[in-house]
1. Looking at segment 178-190, I want the residues that are under 16 Å from PHE73 (Cβ atoms) and touching a residue at least 12 places away in the same chain (Cβ under 8 Å) and have a partner that is surrounded by 14 or more Cβ atoms within 10 Å (Cβ to Cβ) and acidic (Asp, Glu) with Cβ atoms under 9 Å, at least 6 apart or on another chain. Which pairs are those?
2. With the structure loaded, tell me whether LEU264 is modelled with pLDDT of 80 or more, surrounded by 14 or more Cβ atoms within 10 Å (Cβ to Cβ) and over 23 Å from ARG233 (Cβ atoms) or whether it fails that test.
3. Enumerate the pairs (first residue in segment 427-456 and more than 20 Å from LYS132 (Cβ to Cβ) and modelled with pLDDT under 85; second residue anywhere and assigned to a strand (DSSP E or B) and not small (Gly, Ala, Ser)) with beta-carbon separation below 9 Å, excluding pairs fewer than 6 apart on the same chain, so at least 6 apart or on different chains.
4. Filter segment 643-672 down to the residues that are in contact with a Lys or Arg (Cβ under 9 Å, 6 or more places away or on another chain), buried (at least 21 other Cβ atoms within 10 Å of the Cβ) and in a loop (DSSP other than H, G, I, E, B) and list them by number.
5. Return a yes/no flag: does segment 677-699 have any residue that is under 39 Å from the mean Cα position of the chain (by Cα) and either assigned to a helix (DSSP H, G or I) or surrounded by fewer than 18 Cβ atoms within 10 Å (Cβ to Cβ) (or both).
6. May I ask you to say which residue of HIS641, HIS658 is touching a Pro at 6+ places or on another chain (Cβ under 8 Å) and modelled with pLDDT under 85?
7. Residues in segment 165-176: is at least one over 23 Å from the mean Cα position of the chain (by Cα) and of a type outside the set (A, V, I, L, M)?
Amino acid sequence: MVTVREQLPGRLTELSEETSVEHAAEAQLGLATWLDRARVILDGIELKQLEKVAQSVLQKELESTLNHKTNTFATGLGMADILAHLHVDEDTLSAAMLYRSVREGITSLEEIKKSFGENVYNLVKGTLAMGKLSELIEKNKRLEDHFNNNQREHLTGIYKMLISVTEDVRVVLIKLAERTLALRELADASRERQERVAREILTIYSPLAHRLGIAQLKWELEDLAFRYLAPERYKEIASLLNEKRLEREQYIQFVVDRLKSELLDHGIEAEISGRVKHIYSIYRKMKSKNLSFDQLYDIRALRVLVKQVPECYHTLGIVHQIWRHIPHQFDDYITNPKANGYRSLHTAVIAENKSLEIQIRTHEMHNEAELGVCSHFNYKEGSKATDYSFNHRLHSLRAVLEHYQERNESSGHPNEDETESFDQLQDFEDFEKIYVFSRDGDIKELPRNSTVLDFAYHVHTEVGNKCYAARVNQRYVPLTYTLKTGEQVEILTKKDREPNRDWLVNSLGYIKTARARDKLRHWFRQQDRSKNLEVGRELLAKELSRLAIHPKSIDLNDYCNHFNVKTGEDILVSLVSGDISLHALMNQVNRHMHLDQDEPELVLKPTLNPRASHTLSAHGILIDGLDNVELHIAQCCQPVHGESIAGYITLNRGVSIHKVACPDYVRMISQEPERAVEADWEMQPTRGQSVQIVVEAYDRRGLLKDLTQVIFSDQINIRQVNTISEMDGIANMKLLIEVKGLAQLSRLLARLEQQPGIISARRLVQGN
């Protein structure tokens, strides 16, 4: 049985470590020897691409004048050798060979993409992303306490973070190979460095290898790390074993062959696998169970998988017939399953003068034990909680790996159908969580698309309520900033700070998680109702003032049924608590004023011919009893589509259109009521309505450009711009724009006020 721990041939290692011009030819010969060895391991695959990659890395190493940390050729060769024993494909071997060369800046990603294809490029890129997170983890001083105290609830988030940055299980394999090689090369490092890397690997990477079912890497990572962390204890247990690992593996193969032969003689088809318990696993069990070495009966173990339950008990009888049973070492978890649902038969025997544990179960029981609800990952790793989303992702990765290895072991040349099915297996859904560092270095798990404000409320409710700014990776960001995995977040707070009502507006993007939203709403509900009424009135009045709508023109009681409240005051309170958004209320106001929100907006028409600019069709207005009459929009109130309007017959300018509540209109019809005519808007405007808005802002370079970009992004036409800069640094800008109604105008004014340096943005009518 060939294991991953098998080292490179001695002379090849020497050559790889001294790749100078003098040794170039000899290194080439050594490389050819290793390639032949790899072809044998991989069942005769030609490895033409890998040879090309290795030659390229070697040549780059020889030509490089950069001062890099390691010999990139030696490192790449070592990683590829580890992965070759896992029977990976040629793309993975090529990416492993190239990884260190790219990381050290000798080879660029563009070169890889051009020379070796998209697959190798994506693998190297994914491994680099995981490597960056690994560096953050290693540099994080806060995690040192977690390592020392073995706080696995905190550390679990680390390998969740590593998994979240990749969609390809082969990236994880390359990273594990890199960590395995790093452990092998720690012999000459400082004691502090040895312990640091060993703790990191023992806590993060060996559990990851375990969860992915890569036993070959798992036991080597754990044993090597344990040797650096507790050398004396390691030597003690190694001496107690009194045999080399190769001898133990030969013993396992012998008992597997004998049991399989006996079962076939009795007509039982069984799948038998064996393992020898590695040194760290022995130490962990002795410590957790408080047992001596002589009390361990599972140092060597077999697992027998049969088709049906009756065959489990039949197999048990055959085992006890072949070998002597050890008293009090039998458990029937089929008749009496464990609390988590685990089912199996466990027995211990003396086989060939050595203790041997044997587990017997059906294939269905095995699948449930490995991947189902009774999966023992949490038990093995000391975790108290189960993350079903993360486990599902790991199980998907593990399924891909198993399918992938089976394919490569069965044939070195898979057909197109197999390749296609493999690609389909890798099509995972996006990871549901992101993982970020707090200021102190703790890892926080958040839903995808969370903002820094979501993070603040995740840390503590008071942190969120008193938040006024945030820094991500030492850089100030807005509170709407969407976090990404691996970033470090710092929340800045003030004692007198209170939550902003705008945080609850979905369209503004401050909060994305239900948890933060509930906490914020709870805070607003706790405020005094009378205060909320006052604040709600101010909020509504501000919006109406911005839109130049008279408060008396709307009655909140008209909207009670729609929002399922009893009174108009309840609407005001709900505006403050966030149960009703201001945008939703204004939409209902617009609908009540005959603006259909559900109809698609029309594309703005270009400026009309001056001769047609005063016709009825130009403005989309209907006048009772009159047709083809000249009209104009009154400048005193400038009504917009959706507002209640009326006409006034002038002496020489046709009909002027006013808001019904316009003071000038009310005054004129009170004096001459016979001049009043009924007017209304067409159901859909045929063109944009001219509206004048005024924006007050702190004067700066590029201000007008930023504002016009916001306006153009909403497909709104600008007809006129006037800018006046005052001596106090305040700029007043008047813009004549074309909008399709109050809804569009409201959205635009809200967006303008969100821009940096904007004091206010409102609709301008004559007299205000």
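1. LEU181/ASP81
2. no
3. From segment 427-456, the pairs are GLU432/PRO447.
4. Result: GLU643, single match.
5. yes
6. HIS641
7. Our first condition is that a residue be over 23 Å from the mean Cα position of the chain (by Cα); within segment 165-176, this holds for none.
No.
Residue by residue, here is whether (1) closer than 30 Å to ASN449 by Cα; (2) in the same structural domain as LYS466 (by TED's automatic domain parsing); (3) touching a strand residue (DSSP E or B) at 6+ places or on another chain (Cβ under 8 Å); (4) of a type outside the set (D, E, K, R) holds:
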{"position": "VAL535", "(1), (2), (3), (4)": "no, no, no, yes"}
{"position": "LEU547", "(1), (2), (3), (4)": "no, no, yes, yes"}
{"position": "ILE554", "(1), (2), (3), (4)": "no, no, no, yes"}
{"position": "SER574", "(1), (2), (3), (4)": "yes, no, no, yes"}
{"position": "GLY578", "(1), (2), (3), (4)": "yes, no, no, yes"}
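The values are calculated or read from the model by the stated rules, or taken from the named source; none is laboratory data. Keep in mind it's a predicted model, so treat the numbers as computed, not measured. Virtual Cβ from ideal backbone geometry, glycine too; neighbours counted across all protein chains shown.
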